[in-house]
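The values are calculated or read from the model by the stated rules, or taken from the named source; none is laboratory data. Keep in mind it's a predicted model, so treat the numbers as computed, not measured. Methodologically, a virtual Cβ is constructed for each residue, glycine included, from the backbone with ideal geometry; neighbour enumeration extends over all protein chains shown.
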Amino acid sequence: MEDKLSPDYCLISKTLIEDRFVSAKAKTVYATLCCWPQGYNCSISNLSDALGVGKESVSSLLKELEDKGYIERNRIRGPDGRYDITQYRIFPKSTL
């Protein structure tokens with residue numbers, strides 16, 4: 001999502017905020033992803049540190065957002081064959 005706001009603000013989907021079937025914690029993860037600049041390392045570890053919650057919690061909250069159609073994750077393998085980078089696509093409305 002690109003915005004024309006100052007760096008202190010970001011745009012967050014009103015559709016997601018009003019979706020009663022998405023937990024408040026998952027909405028917080030979504031908001032954090034929306035606020036980070038494109039190309040930022042949005043690893044589970046970085047999200048965990050930023051939000052002050054465990055990595056397992058972040059992983060399950062990302063899965064919730066993915067299952068509800070608000071994000072898409074694409075894991076990319078490095079030269080050694082191990083997962084190296086995760087790319088996120090953020091959708092303003094559920095794709096379901």
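Of the candidates Ser6, Ser43, Ser13, the single residue that is at pLDDT below 90 and surrounded by 16 or more Cβ atoms within 10 Å (Cβ to Cβ) is Ser13. On inspection, Asp84 fails the criterion of being exposed (fewer than 13 other Cβ atoms within 10 Å of the Cβ), over 11 Å from the mean Cα position of the chain (by Cα), assigned to a loop (DSSP other than H, G, I, E, B) and not polar (S, T, N, Q). As a summary of the residue check, Cys34 satisfies the conditions (1) farther than 22 Å from Leu11 by Cα; (2) surrounded by 11 or more Cβ atoms within 10 Å (Cβ to Cβ); (3) at pLDDT below 95; (4) of a type outside the set (Phe, Trp, Tyr) except for the one numbered (1).
Listed residues Leu33, Leu96, Leu47, Leu65; which is part of a loop (DSSP other than H, G, I, E, B), within 27 Å of Glu18 (Cβ to Cβ), without any contact (Cβ under 8 Å) to a residue 60 or more places away in the chain and of a type in the set (A, V, I, L, M, F, W, C)? Going through Leu33, Leu96, Leu47, Leu65 in turn, the sole match is Leu96. For the range 69-80, the condition holds for no residue, the condition being that it is surrounded by 13 or more Cβ atoms within 10 Å (Cβ to Cβ), within 11 Å of the chain's Cα centre (by Cα) and assigned to a helix (DSSP H, G or I).
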